[in-house]
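Working notes, beginning with the structure itself.
Throughout, read-outs are computed from the coordinates displayed, never taken from laboratory work. Just so you know, these numbers come straight off a predicted model, no measurement behind them. Here Cβ is always computed from backbone atoms with ideal geometry, including for glycine, and neighbour counts include all displayed protein chains.
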Amino acid sequence: MGKGSAGLLAMGAVLMVAGCKSAPPLTPEEAVGQHMYAVRCAHCHEENDLALKPPPPSLHNIAEQKMLPNGGPATDAAIARVVVEGKNKMPSFAGRFTDAQMAGLIAYLRTSMPAEKK
Ligand code: HEC
């Protein structure tokens, strides 16, 4: 290692810390979805408060994975259909969401899904 390596290491440490900074703020649409998720979905999908077996799958990263946890492409339409129709132990939310709320929900599922601040 040459003379400048300590400086490079220090710079790397700074960059790593900077990389952990919180995600960019949500758009208003995503914030609507964040709230819907917190109210309607998180108690099952995060906390599994009904102790379902198998537990409801994590919805984090479905955008990157491109597939729904239990198969099929993770398109907006497919996600909306699961929410409206339900699936096995997941209840149907037919009529519970306005179009804007549904759009926000899907937009939020495609973010890093930061938890709603209380
Ligand atoms: C009562 C608990 C419960 C609630 C509330 C609930 N879910 Fe689910 N969810 C489940 C279970 C259980 C599954 C697994 C269904 C299966 O494939 O058998 C699931 C699966 C899913 C899937 C993946 C489907 C697949 O094919 O892999 C999505 C997407 C989903 N839920 C979205 C939501 C959203 C969005 C909400 C809030 C509007 C929500 N869920 C609320 C229990 C719940």
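Here are a few things to note about the model shown:
- Stretchable slack from L52 to D99, in nm (0.36 nm times residue separation minus alpha-carbon distance): 14.0 nm
- Linear extension gain, Q65 paired with A77, 0.36 nm per residue minus alpha-carbon span: 2.7 nm
- Rounded to whole numbers, the Karplus 3J(HN,Hα) couplings from phi for the range 77-82 are 5, 5, 5, 4, 5, 4 Hz, using 6.51 cos²θ - 1.76 cosθ + 1.60 with θ = phi - 60°, and x at Gly and Pro.
- Per-peptide packing, taken as the mean over residues of other Cβ atoms within 10 Å, places 28-37, 74-83, 92-101, 46-55 in the sequence 28-37, 74-83, 92-101, 46-55 from highest down.
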